[in-house]
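Colleague: Below: one structure in structure tokens.
Laboratory data are not the source of any read-out in this text; all were calculated from the coordinates shown. Just so you know, these numbers come straight off a predicted model, no measurement behind them. Here the Cβ positions follow ideal geometry from the backbone for every residue, glycine too, while neighbour counts run over all protein chains shown.
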């Protein structure tokens with residue numbers, strides 16, 4: 001069975017601070033895919049990144065960066081110089097083996113204060 | 001770029017009524033997924049279709065049914081609605097392709113269903 005744990009339920013930071021959202025996953029499959037989605041107050045789910053289990057390269061996209069470590073089964077997400085518009089719920093998700101559906105973590109509510 | 005379209009965006013129903021939610025995937029996407037997100041919860045997978053055939057089934061109640069049509073749009077039919085069915089229902093689509101690594105799910109804006 002697959003499981004995704006986002007231990008941080010809520011995080012509050014002041015604008016321009018850096019913030020890291022944690023994600024720990026569990027799967028017995030050797031091939032799997034990890035995702036981050038953003039859900040702003042308007043409700044839609046916005047795809048941010050996909051990472052394959054066989055590619056441990058970290059990735060940076062503007063103010064966003066992701067740290068994938070198979071040794072600790074973690075896929076953490078860092079926002080540098082946070083902005084008020086980053087306020088949202090962030091979900092980490094896993095797709096493993098032959099299953100196509102996503103298993104989501106419980107989400108982290110990020111609030112960036114001006 | 002074209003995105004997943006869901007209709008209606010909001011729906012209010014009474015208990016025991018029926019509801020039909022529609023999903024139009026991104027062009028050239030042949031796989032459709034339905035998820036249910038209760039208040040303060042993470043999205044839970046309901047069911048998926050690939051090339052008009054059901055491909056995976058999750059925690060979908062027997063009162064719900066779904067199908068994918070020849071134009072790849074999908075409909076989620078919900079009968080005997082209960083108060084607990086109030087939730088945000090997402091449809092997602094992905095290009096199955098030959099390489100599962102391309103299977104990123106892109107979500108629609110969701111349909112917010114309220115059962116009174």
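Colleague: Counting pairwise Cα distances across segment B:22-100, what percent come out greater than 22 angstrom? Intermediate results must be reported in sequence, preceding the final value.
Modeller: Working: 691 of 3081 pairs.
When all Cα pairs of segment B:22-100 are counted, 22 percent exceed 22 Å.
Colleague: Here is a follow-up. Return the percentage of antiparallel bridges among DSSP beta bridges fully within the protein assembly as shown, rounded to the nearest 5 %.
Modeller: Numbers: 70 of 79 bridges.
That works out to approximately 90 percent antiparallel.
Colleague: Right, another one. Once the Cα atoms of the protein assembly as shown are picked out, what are the Rg and Dmax in Å?
Modeller: 17.7, 51
Colleague: Follow-up question, since we're still on this one. State the Cα centre-to-centre distance between segment A:1-61 and segment B:36-70 in whole Å.
Modeller: With segment A:1-61 and segment B:36-70 each reduced to a Cα centre, they are spaced 23 Å.
Colleague: Treating only the Cα positions of segment A:26-114 as identical point scatterers, give the base-10 log of I(q)/I(0) from the Debye formula at each q in 0.14, 0.18, 0.26 Å⁻¹.
Modeller: -0.51, -0.82, -1.44
Colleague: List the relative contact order of chain B as a percent without decimals, with contacts defined as Cα pairs under 8 Å and 6+ residues apart.
Modeller: Numbers: 292 pairs, mean separation 41.8, N = 116.
36 percent.
Colleague: Which order results if A:16, A:38 are arranged by neighbouring Cβ count within 10 Å, fewest first? Present the calculation step by step, with values, prior to reporting the outcome.
Modeller: Values: A:16 11, A:38 17.
Going from sparsest to densest Cβ surroundings: A:16, A:38.
Colleague: Another one. Can you put B:11, B:116, B:46 in order of Cβ neighbours within 10 angstrom, beginning with the fewest?
Modeller: B:116, B:11, B:46
Colleague: If you don't mind, another one. Could you work out the mean count of beta carbons from other protein chains within 10 Å of each residue's beta carbon in A:45-54? Don't jump to the answer; show the numbers that get you there.
Modeller: Values: counts 13, 2, 5, 0, 1, 5, 0, 2, 1, 1.
Per residue, the average neighbour count from other chains is 3.
Colleague: Which of B:34, A:36 comes first, and how do the rest follow, when ranked by fewest Cβ neighbours within 10 Å? Display every interim value, and only then the final one.
Modeller: Numbers: B:34 25, A:36 22.
The order, fewest Cβ neighbours first, is A:36, B:34.
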